[in-house]
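The values are calculated or read from the model by the stated rules, or taken from the named source; none is laboratory data. Just so it is clear, the model here is predicted, and its values are computed rather than measured. In this analysis, Cβ positions are derived from the backbone assuming ideal geometry, glycine residues included, and neighbour counts consider all displayed protein chains. Quick note on the areas: whole protein, heavy atoms, side chains included, nothing else; ligands and nucleic acids left out. Shrake-Rupley method; radii C 1.70, N 1.55, O 1.52, S 1.80 Å.
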Amino acid sequence: CTSLTDVTIGNGVTYIGRYAFGACTELRSVFFAGNVPSVQTNAFVSGDDATVDNTTVYHLPGTTLWGPTFGGAPTAQWLPQVRSGDASFGVRTNQFGFTVSWAPNTPVVVEASTTVLHPVWVSLLTNTLSGGSFYFSDPQWTNYPSRIYRLRSP
């Protein structure tokens, strides 16, 4: 698995064995959809020095028992992301839009505000990411001198 850069682990997984990803030297992101499973030491170690190189373990908000590290790798909350580096980002057919990606079958809320200072967030859309992503477009974006967007888990 020397070419593996990211992997998603389903919510039914309850155990990760020793050196399960040890040969995955390019592994950067491990996404967990459920609560913390049991893990053997060195699950993410790549090399002889018993250190984890550049791998972060992500978990969903609301899942339990996650600490600051998992199997020797640092953990962080897995939050919805806007794909700003692809062709879906920006103005298309007079609408501003972007693609949202996150865990499959997870609901996400798109909100907007007209200011960063003391924002009042207005919910624009709640959607479940059936395939892990969806395209959002705001037909009202031209009605505001500025519009700031954020994503959140309901």
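Restricting attention to the range 85-105, the residues being part of a loop (DSSP other than H, G, I, E, B) and open to solvent by less than 20 Å² (accessible area, probe 1.4 Å) number 3. Could you tell me which of the residues Pro68, Pro74 is without any contact (Cβ under 8 Å) to a residue 24 or more places away in the chain, open to solvent by less than 70 Å² (accessible area, probe 1.4 Å) and closer than 27 Å to Thr2 by Cα? Checking each option against the conditions leaves just Pro74.
Are any of the residues in the range 95-104 at pLDDT below 90 and closer than 30 Å to Pro145 by Cβ? Yes; the residues of the range 95-104 include at least one that is at pLDDT below 90 and closer than 30 Å to Pro145 by Cβ.
If I filter the range 110-123 for residues that are in a loop (DSSP other than H, G, I, E, B) and surrounded by 17 or more Cβ atoms within 10 Å (Cβ to Cβ), do I get at least one hit?
If we filter the range 110-123 for residues that are in a loop (DSSP other than H, G, I, E, B), which is where we start, we get 114-121.
With surrounded by 17 or more Cβ atoms within 10 Å (Cβ to Cβ) added as a condition, the list becomes none.
No, the range 110-123 has no match at all.
Starting from the range 10-29, take each residue that is within 16 Å of Thr64 (Cα to Cα) and list its partners that are exposed (fewer than 13 other Cβ atoms within 10 Å of the Cβ) and among the hydroxyl-bearing types (Ser, Thr, Tyr), counting only C-beta distances under 8 angstrom and pairs at least six apart or across chains. Within 8 Å, the pairs are Thr14/Ser38; Tyr15/Ser38.
Among residues of the range 141-154 that are among the aromatic types (Phe, Trp, Tyr), those with a Cβ under 6 angstrom from a residue that is in a loop (DSSP other than H, G, I, E, B) and open to solvent by less than 90 Å² (accessible area, probe 1.4 Å), sequence gap 6+ or separate chain, pair up as Trp141/Arg147; Tyr144/Thr114. Within the range 61-78, being under 12 Å from the mean Cα position of the chain (by Cα), in a loop (DSSP other than H, G, I, E, B) and closer than 19 Å to Leu27 by Cα holds for one residue alone: Trp78. Every listed requirement among (1) open to solvent by less than 20 Å² (accessible area, probe 1.4 Å); (2) outside any strand (DSSP E or B); (3) closer than 30 Å to Phe134 by Cβ; (4) not small (Gly, Ala, Ser) is met by Phe44 save one, (3). So is Pro154 loosely packed, with under 12 Cβ neighbours inside 10 Å and part of a loop (DSSP other than H, G, I, E, B) or not? Spelling it out, Pro154 is indeed loosely packed, with under 12 Cβ neighbours inside 10 Å and part of a loop (DSSP other than H, G, I, E, B).
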